[in-house]
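This report concerns only the one structure given below.
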Amino acid sequence: MRITELFDNGEFVVTAEVGPPKGICVDHVVEEAKSYLSGITAVNVTDNQSSVMRMGSLPACIALKNAGLTPILQLTCRDRNRIALQSELLGAAMLGIDNILCLTGDHTKMGDHPGAKPVFDLDSVSLLHTVKQLESGVDLAGNPLVGEAPKFAKGAVVSPCSDSIDAQLAKMERKVMAGCDYFQTQAVFEPEKFIKFMEAAKQFGKPVQLGVIIPKSVGMCKFMNNNVAGVHVPDDMLEELRADKEKTKAGITGVEIAARIIKECKPYCQGVHIMALGWESKVPALLEKAGI
Amino acid sequence: MLITEMKVGETLRSLIQGKVFTIICHGCREVRFPEQEVNAFVRELAAEGIVTGTITTDYICNPDFLQMRLKGRMAEIEDADTILVFSCGVGVQTVSSYLEDKRVIAGCDTYALPGYQGVTPLEHDCDQCGQCYLNLTGGICPLTACSKSLINGQCGGAKNGKCEVDSNMDCGWERIYRRLEKIGRLDVLKCPVQLRNYATDDEVSR
Ligand code: SF4
Ligand code: SF4
């Protein structure tokens, strides 16, 4: 099932994400997803996230699909050129994976194989364009595909709380132009900024899912503030996390904060995307508290 | 060696707005320059009465030298709406960063040939990609100013205007966006999706 069908029906679409293991056993990932994420619409499977080598996204997607979940295949342009990416997309379609998220990807220097060759033959925009091309029955070089053309729900990301909203909107417009069907955002901790962004992003008429991270600790938030693009946890939230150490450690404070953000932003978006970062077990409580 | 080839005249005409000041750089010994073609094109423009002035020079990639050469010509430059530069990628970038508020257009594509690449100052760099993108990026080379050599816009990694790979390096696409904003050319971000062509060497030999 393509998640675009749900957006079209006006449904509020909830997704989460998991990372494949650095190894050959996916049981743990599948079990966790089955226990905590089976109530939600679809699950993103990351593609060697942060440039750290892991099992590929596609085989892990298949494992989730076999367990009854709907996976979203994340594809980055860091490790494969246009030939390999198109070939992967055809394979994914053959295996029944029809939801994808197109990303440029982190630089190889950010990960655990810093000496690897960064590819970036395509980028998020030209990858979306490539997918659209395949959907029309020809490859990027214009050669016809044999038989039925693939069809995907094509997603991409935006960063609504970044320093320069105008630059983000310009990039978003390029992605829409290239064929993007829906967006997931970088984690939002400043609802006012998100709402303002959405006022401007409305013009594109594409569904946007609010990105949510459950804040685990003050340390984690400070790390994000210093290192993660487009993420800023404001001081009053840091105070809230500092106030009751036990409550924060148990995840209660984080869930409260995340639920509040969702409630505040819900009228302005078409879904949420939860990046649990190991706290998958907290997702059901979060959704309940947020009233979803 | 480098080869610069003039972009198609029609492409250049579509980029020219109002009056033009042209800068023709015959470059260093390592550059093969399309002298006759460029001169003919500039003569065509001049016959239409839209050229405020032309200088033919060399080594415009050297900022001090460039400044000296342009000094006596600033009135003509001020009078022009478009500065059309025929040089390698480094030359165009040097001009566009010196004439920061002007619409600077690259007239050539720069290709690499085997052999010595010549000496250029370090401020700007050109990878001789053969598909010069400077007209889409406000005269800042996206291949050398961006760690991922992206040509369709910024990645999601820039933090406080710095590149995700190196916090001491300004994000090239942040610079491009600000420059386009400054020269009123944000409309170029609506251009069609760009794809690199890694087979440009075939085109040169064609
Ligand atoms: S885009 Fe950059 S690498 Fe390509 S020709 Fe222009 S200056 Fe050189
Ligand atoms: S942060 Fe900027 S310079 Fe660095 S890779 Fe991304 S777009 Fe390029």
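Details
- Using the Karplus relation 6.51 cos²θ - 1.76 cosθ + 1.60 with θ = phi - 60°, the per-residue 3J(HN,Hα) values for the stretch A:133-147 come to 4, 4, 5, 8, x, 10, 7, 5, 8, x, 7, x, 7, 8, x Hz, with x marking Gly and Pro.
- 5 angstrom amide H check on residue A:52, placed H, neighbours 5+ away: A:112
- Violating pairs (Cα-Cα greater than 27 angstrom) within the set A:175/A:216; A:171/B:182; B:19/B:159; A:263/B:190: A:175/A:216; B:19/B:159; A:263/B:190
- Label-to-label distance, residue A:247 versus residue B:197, with points set 7 angstrom from Cα along the beta-carbon direction: 6.3 nm.
- Taking other C-beta atoms within 10 angstrom as a stand-in for reagent exposure, A:175, A:151 fall in the order A:151, A:175, fewest first.
- In angstrom, the C-alpha Rg and Dmax of the stretch A:22-88 are 12.4, 37.
- Projecting the Cα atoms of A:223, A:187, A:261 onto the charge dipole of the stretch A:3-290, computed from C-beta unit charges around the Cα centre, puts A:223 farthest toward the positive end.
- Computed Rg/Rh of the protein assembly as shown, alpha carbon atoms with Kirkwood Rh: 1.03
- Here the protein assembly as shown is assigned +1 on the Cβ of each Lys and Arg and -1 on the Cβ of each Asp and Glu. Its dipole about the Cα centre then comes out at about 480 debye.
- Cα-based reach from residue A:117 at 19 Å (exclusive), listing lysines while leaving out same-chain residues under 8 positions away: A:109, B:148
- Cα centroid of the stretch B:1-35 to Cα centroid of the stretch A:157-199, whole Å: 38
- Estimated inter-spin distance, residue B:17 and residue B:181, nm [label 7 Å along Cα→Cβ]: 1.8
- Residue exposure proxy: A:220, A:172, ordered by other Cβ atoms within 10 angstrom of their Cβ from fewest to most, comes out as A:220, A:172.
- Order of B:35, A:256 under a 10 Å beta carbon neighbour criterion, fewest first: B:35, A:256
- About its Cα centre, the dipole of chain A is roughly 240 debye, where the only charges are +1 on Lys and Arg Cβ and -1 on Asp and Glu Cβ.
- Length-normalised contact order for chain A - Cα pairs under 8 Å, 6+ apart - percent: 18
- Candidates B:140, B:183, B:60: whichever shows maximal mean-square fluctuation once chain B is modelled as a Gaussian network with Cα springs under 10 Å: B:183
- Inter-part distance where the stretch A:88-132 and the stretch A:232-262 are each reduced to a Cα centre, Å: 34
Every read-out reported here was derived from the displayed coordinates using simple, explicitly stated rules and does not represent laboratory data. Keep in mind that what you see is a predicted model, and the values were worked out from it rather than measured. We place every Cβ from the backbone using ideal geometry, glycine too, and count neighbours over all the protein chains shown.
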